[in-house]
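A quick write-up on the structure given underneath.
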Amino acid sequence: MSTRHDGINSRIADRLAQKVGQRRYELWIQPSVQLDYSDQDHTLRVAVPNRFVAEKIRNDFSDELRQAARAEAGLDEQGELRLDLCVEPDRFARQSDTARPNPLRDNAAAGSTPRPQSPSRRRDSGDAAPATSFRHRFEDFVVGPCNELAYAAALSLADTGPEDNNPTSTGPLFLHSDCGMGKTHLLQAACRRVRERQPQARVLYTTGEQFTNEYITAVRSNTLDTFRKKMRRLDLLAVDDIGFFANKEKTQQEFLHSFDHIELSGSRVILASDSHPKLIKKFSDALVSRCMQGLVVQLQAPDQATRLSLINRLASNRGLVLQSQLDELVAAHAGRSVREIEGTLAHLHALATLAQPQGPTRLVNRALAEKLFADQRQLAAKRPVRFTDIQDTVCEHLNVPIAQVAGSSRHRMVVLARAITVYLAKQMTTLSYPEIAAALNKPSHSTVVTAVQRMTRQLEDNQPMLLPGQPDATTPVQLVEDLRRRVMQNVAA
Ligand SMILES: Nc1ncnc2c1ncn2[C@@H]1O[C@H](COP(=O)(O)OP(=O)(O)OP(=O)(O)O)[C@@H](O)[C@H]1O
């Protein structure tokens, strides 16, 4: 660039800052746009680091850029002026780390001025928890035609930075499916993988509900700055159950800003919901369009071959040995989603533990499985079990007031009663997680999923426990099976 051009370029930039306002200028233009005006052919070349910024500049700033360039070049309204937007990541990558302040990063980490870096390059200290704090791993994910695209996209997002030129390296990854098909698993596996590759990477897994609650708390307690710093200085943001934002205009706006900051700084966003972004009720057009700028992938219910692989893998993870060809019987009876398959195996595990309390592995023979499925059929033939049948039985037996189970008490016995109620509701009724959540007055089903997971782990550990007012210790498996029997007796009565 000649000196004369540097002069006109910075004058165009100054004029643009006046037109769009200093804040927007510092957010969108100063860190990510380089201008180069040529008076030979009256072209303003606008270099940007990625497609996302290009889109943003084209949609929101092209008129202002034209007006500013016209004014500085002395062209009148009719004078032809071409705007040439070019994506030139190298030009931005080549700048030295300290050469140019980046207002996004300055905001996030007061006092330091690092340029955007991919997780693999970032070395600054963060509040990194160990990779193992994310429960799920790619290695445990059973891949079949129903989920292979989602798996490949999440893995690719976790394994490559934005500088790599592949379709998942720009824009967010949006996974959607019915409940229990593996979205959370893939989100957490991506977080874990990024953290394994780069232990200091700033990775956040959250849910739509948690984001909303934290945002509301931040507004009320006047700590919005801290909340924004936390959300915006991430290398990877994973938000599960983003449909929770439906109808929440302010939260959507706040999220959109975080989203823009994160992506503009070259970091990644992965989202999950039970619906396609266009079908989430009352999602703002801006949010839908941002979701659609990346890759939107649906996970389907597993086909028969994948179901069999899942059953064998999940059984072996639990130390269950299935008698020959029992996987097919389980596949025929377990529900449609992977979570329901897990639920059936958890039930078989509990029954096998009762039958053979000792040893690291447990044999599940055909008789045991047939007994379980026959009981389920018998139960279905009677009047269907209602949520209240379970809730009443559990509360009465554990001596917990019913109103507290639907409340937010963290008392040990209430938490136990709530966990057993939702666990049995999932096994003994046809209610979905969202329906169980509604029965408990919960706004989102993620708390119900967590309660079931907690109960499942407790059943697997099966540590003896002492209940108030009872002289002898019992085990979670004995307690749950006893309650299951009581519910069945009450329904039959
Ligand atoms: N392909 C898979 N291989 C192994 N385990 C799986 C697979 N898909 C799902 N699971 C397991 O099934 C359970 C439910 O999956 P997950 O919670 O990821 O579903 P989800 O789609 O997020 O459901 P929701 O919409 O209710 O949040 C988890 O324990 C998960 O590890």
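Here, each number is a calculation from the coordinates, and none is a lab measurement. Since the model is a prediction, treat every value here as computed from it, not as a measurement. Here the Cβ is made from the backbone with ideal geometry for all residues, glycine too, and neighbour counts use every protein chain on show.
Counting pairs of alpha carbon atoms under 8 Å apart in space and at least six apart in sequence, what relative contact order in percent does the chain give?
It comes to 11 percent, rounded to a whole number.
How do the peptides 234-242, 73-81, 481-489 rank, highest first, by the average count of neighbouring beta carbon atoms within 10 Å per residue?
234-242, 481-489, 73-81
With charges set only on the Cβ (+1 for Lys and Arg, -1 for Asp and Glu), what does the dipole of segment 3-93 come to about its Cα centre, in debye to the nearest 20?
So the magnitude is around 280 debye.
Can you give the percent of C-alpha pairs in segment 131-298 whose distance is more than 24 Å?
Within segment 131-298, distances greater than 24 Å cover 30 percent of Cα pairs.
With 22 Å as the limit, write out which pairs from LYS19/LYS282; LYS19/LYS56; LYS250/LYS281; LYS248/LYS278; LYS229/LYS278; LYS19/LYS229 have Cα-Cα distances beyond it, or answer none.
LYS19/LYS282; LYS229/LYS278; LYS19/LYS229
Provide, for q = 0.16, 0.19, 0.23, 0.27 Å⁻¹, the log10 of I(q)/I(0) from a solvent-free Debye sum over equal Cα point scatterers in segment 304-379.
Here the Debye-derived log intensity ratios amount to -0.50, -0.72, -1.06, -1.45.
Expected output is a single nm value to one decimal: the length gained when fully extending between GLN304 and ARG197, i.e. 0.36 nm times separation in residues minus the C-alpha distance. What is it?
35.1 nm
Taking a cut-off of 20 Å, what percent of all Cα-Cα pairs in segment 387-492 are separated by more than that?
Roughly 33 percent, once rounded to a whole number.
Nearest 500 deg cm²/dmol is fine: what mean residue ellipticity at 222 nm does the chain get from its DSSP H runs of n ≥ 4 alone, each adding -39,500 (n - 2.57), divided by its residue count?
Helices in the chain give a 222 nm mean residue ellipticity of -16000 deg cm²/dmol.
Evaluate Rg over Rh across the chain, taking Cα atoms for both radii and Kirkwood's formula for Rh.
When Rh is taken as the Kirkwood radius, the ratio is 1.08.
What span do the alpha-carbon atoms of segment 3-93 cover on each of the three principal axes, reported in whole Å from largest to smallest?
Result, largest extent first: 32, 26, 25 Å.
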